[in-house]
Structures are given as structure tokens and as C-alpha cells.
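Below: one structure, written as C-alpha cells.
Just so you know, all these numbers are worked out from the coordinates, no wet-lab data involved. Note that the structure is a prediction, hence the values are computed from the model and not measured. A quick note on method: Cβ atoms are made from the backbone with ideal geometry, for glycine too, and the neighbour counts reach across all protein chains shown.
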Amino acid sequence: MTMKKKRKCCDDRRGFLLDSWQWIKVIAGVVLVVPVLRFLNFDIPRKTRKIMVHRVLKVGGFILERDFIIFDRVGGPQAVSRKCTHLGCRLNYNEQEKVLLCPCHQSRFSPAGKRLAGPAKLDLETYPVETLGEGDNPGFVVTI
């Protein structure tokens, strides 16, 4: 009765090819998985934008822009984001109730950006506002 030898790594050409194929699969898996993991963990820093608003802000009034609303506050103008912190819907301003209202899920925010009600858990983002000169060229520069 003859006993078969247990094949050791790389004893013959077939064994070498089988072992090489296993290593190729491992390396290919690592090559594919590493970029995916880096992508999932990647944080893109936002670039700041300066937006000029050439409109007059009335006392106690507001200026509605696409990305933000400028309110006349006691300490000066204040810009508040129009992006709801729940799912990112664009907020509308209700002048009668003096609240920012989300049309998607009815989250409510004060003109200062504080969360009042709804599924949103966070306050709105506020942006710094610079006042341009008075007279011929009134307006504001909002940095978002």
C-alpha cells in the first residue's frame, strides 16, 4: 500500500499556480476594498463663498435669498440658512407666525435659527454678515 505524499506549497508547477491564484485573489480584494473604505471615510471641506446682496433691509424686515434669509436683529443683520437640519428641504418664512417652516415635515425654527418643533434635532446654521456702505450701494456680504 502506498501513501500519497501531502502536497506542500510550491512542490510542483500545478501547486505553484494554485497558490499563486489564491494570492492574486487576496491582493485583488485588498486593491478593491481599500479605495472604497477611504471613500466612505473621506470628508470634503466646504469652500466658503461670499454672496453679495444689493438690497435694502427694512427695520424689523427680512431679505429672502436662495440659500439663506437675512433678518434685521437688534445687534445688526443676521443670516440664517434655509436648509432644514432634518432632511435638507428648503425652508420658507411665515411672516404671520414669524417662524421658518419646513414644507417637507413641518419642522419649525425661530428667525434666530433655533429649533422650535418638528423632527429636526439641530438648530439652523447661521452665517456672518458684513454691511456694505450706505447711500448709492447699500447691501450686505454673507459668507457661507
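Helix 13-40 axis versus longest C-alpha principal axis of the chain: approximately 10°, rounded to the nearest ten.
Computed on the Cα atoms alone, the convex hull of the chain gives a volume of 200 cubic angstrom per residue.
Shown here for the stretch 28-114: chymotrypsin sites (Phe, Trp or Tyr not before Pro) in loop regions (DSSP other than H, G, I, E, B) with at most 12 other Cβ atoms within 10 Å, namely F42.
With contacts taken as Cα pairs under 8 Å and at least 6 residues apart, the stretch 50-143 reaches a relative contact order of 27 percent. Checking every one of the GluC sites (Glu not before Pro) in the stretch 48-126 against DSSP loop status and a limit of 10 other Cβ atoms within 10 Å picks out E95, E97. Taking the Cα centre of the stretch 6-104 as reference, the dipole from Cβ charges on Lys and Arg (+1) and Asp and Glu (-1) amounts to some 340 debye.
Using a Gaussian network model of the chain in which every pair of alpha carbons under 10 angstrom is joined by a spring, one finds that among I24, I44, I70 the greatest mean-square fluctuation is at I24. Please work out the C-alpha center-to-center distance from the stretch 39-100 to the stretch 116-144 and express it in whole Å. Here the answer is 5 Å between Cα centres.
I want to verify a result. In a Gaussian network model of the chain, Cα cutoff 10 Å, which of these has the top mean-square fluctuation: G75, G133, G15? Its mean-square fluctuation being the largest, the pick is G15. A dipole drawn for the chain from +1 and -1 charges on Cβ atoms has a positive end, and of L132, V36, L87 the residue lying farthest that way is V36.
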